[in-house]
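Heads up: the structure comes next, in structure tokens.
Every number in this text was worked out from the coordinates using simple rules, so none of it is lab data. All values reported here derive from a predicted model rather than from experimental measurement. A quick note on method: Cβ atoms are made from the backbone with ideal geometry, for glycine too, and the neighbour counts reach across all protein chains shown.
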Amino acid sequence: MNRHYLAVATIAVSTLGFSGCTSHHQASKEQLSDTGATVMASQDSHSVHQPKWSYKGSTGTEYWGDVEGASTCKTGKQQSPINITKVTASSAASPIIDYAQSTDIRINDNGHTVVYTPTTENNTIMLDNERYVLKQFHYHTPSEHQFGSQNYPGEIHFVHANSKGNLAVVGVMLKIGEANDMLRVLLNGTEIITQNDDEFTANDVDLSTLAPVMATFYHYSGSLTTPPCSEKVQWYVSKQPLTLTSDQFKIMSNLYEGNNRPIQPQGSRKVEQLSN
Ligand SMILES: [Zn+2]
């Protein structure tokens, strides 16, 4: 059974264009408003998801350029993900990660991945003295980026935006190994939404433990890896992976497996290696 079609869409449609469900939700909200009815979050969160794009078949990755507003997926020249093979040493500064020790995180399933949304804005990274706030993170299995043509079992994307709406995404590979305590809390919540098709909030998650893991980054200019594939993303892919146990990983891959966009041409883009 393909879980994508069992999944319910949720109200957490980000303003960043990450969800393919945006227009669906806007339409249902407008309809409700037209009747003068109050827009109920619960009604919205239980709408049945109708994917306009997917990773396979007639709505798969090769057709994303035909999705309304997503022609860049086909015509873009700075698309993501890429295969990272050759890197250029750089003296540019690494992102400085300043994640909080305690954050409440809303967990929901948007029909393409599980989205983890902090309820506060106190998780930030600094890039060239500019503050980017962590808006959400989500995962892909297997990884989207490759290192030397190799995929990892999974990849988490931490999506940050500055006040102008520019995006900086930190990608971290997932590797099977030691248990990850930070992920444990989130994965418990992920199991709960899997069983109940609902939203769940994990309290007091310590995201600060991630910072020490990420010391060296591969940086390049790229795009969203989902429609509309907008080319407004500065990518920072951590050289060091996060480890988690195979049981922890199974919770993720049971819900989504194969939600990775294929590798895109690098073109003339350079990948810089940044270290603190
Ligand atoms: Zn992603």
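Rounded to a whole number, what is D in µm²/s for the stretch 207-269 from Stokes-Einstein with the Kirkwood radius over alpha-carbon pairs (10 °C, 1.306 mPa s)?
111 µm²/s
Any chance you could run the full-extension gain for Val213 through Glu121? It's 0.36 nm times the residue separation minus the Cα-Cα distance, nm to one decimal.
The Val213-Glu121 span can extend by a further 31.0 nm.
Residue-wise, which Karplus ³J(HN,Hα) couplings in Hz belong to the stretch 148-155, taking 6.51 cos²θ - 1.76 cosθ + 1.60, θ = phi - 60°, and x for glycine or proline?
Working through the residues one at a time gives x, 6, 10, 8, 9, x, x, 8 Hz.
Read phi for every residue in the stretch 254-261 and hand back ³J(HN,Hα) as whole Hz from Karplus 6.51 cos²θ - 1.76 cosθ + 1.60, θ = phi - 60°, with x for Gly and Pro.
5, 7, 9, 9, x, 9, 10, 6
Residues of the stretch 203-233 with amide nitrogen under 17 Å from the 7 Å Cα-to-Cβ point of Asp98?
207-212
Take every Cα-Cα distance within the stretch 140-229, group them into 10 Å bins from 0 onward, and report for each bin the whole-number percent of pairs it holds.
12, 39, 38, 10
Return the sequence-ordered ³J(HN,Hα) values of the stretch 70-87 in whole Hz as given by the Karplus equation 6.51 cos²θ - 1.76 cosθ + 1.60 applied to θ = phi - 60°, using x for Gly and Pro.
These are the phi-based 3J(HN,Hα) values: 10, 4, 4, 4, 9, 9, x, 10, 10, 8, 10, x, 10, 8, 8, 10, 10, 10 Hz.
At q = 0.19, 0.31 Å⁻¹, work out log10 I(q)/I(0) for the stretch 118-160 with the Debye formula, treating every Cα as an identical point scatterer and leaving solvent out; two decimals please.
With no solvent term, the Cα-only Debye profile gives -0.68, -0.96.
DSSP loop trypsin sites (Lys or Arg not before Pro) in the stretch 116-202 with at most 15 other Cβ atoms within 10 Å of their Cβ, which ones?
Here the trypsin sites (Lys or Arg not before Pro) that fit, given the DSSP loop and packing criteria, are Lys164.
Pull up all non-local amide H partners of Gln264: gap of 5 or more, or a different chain, and H-to-H distance under 5 Å with H placed in the peptide plane.
Counting only residues 5 or more places away or on other chains, the set is Ile82, Asn83.
So if I take the alpha carbon set of the stretch 121-276, get Rg, then get Rh from the Kirkwood formula, what is the Rg over Rh ratio?
0.95
For a quick check: with amide H placed at 1.01 Å from N, whose amide H comes under 5 Å from Asp109's, ignoring anything fewer than 5 positions away on the same chain?
When sequence neighbours closer than 5 places are left aside, the close amide H contacts are Val115.
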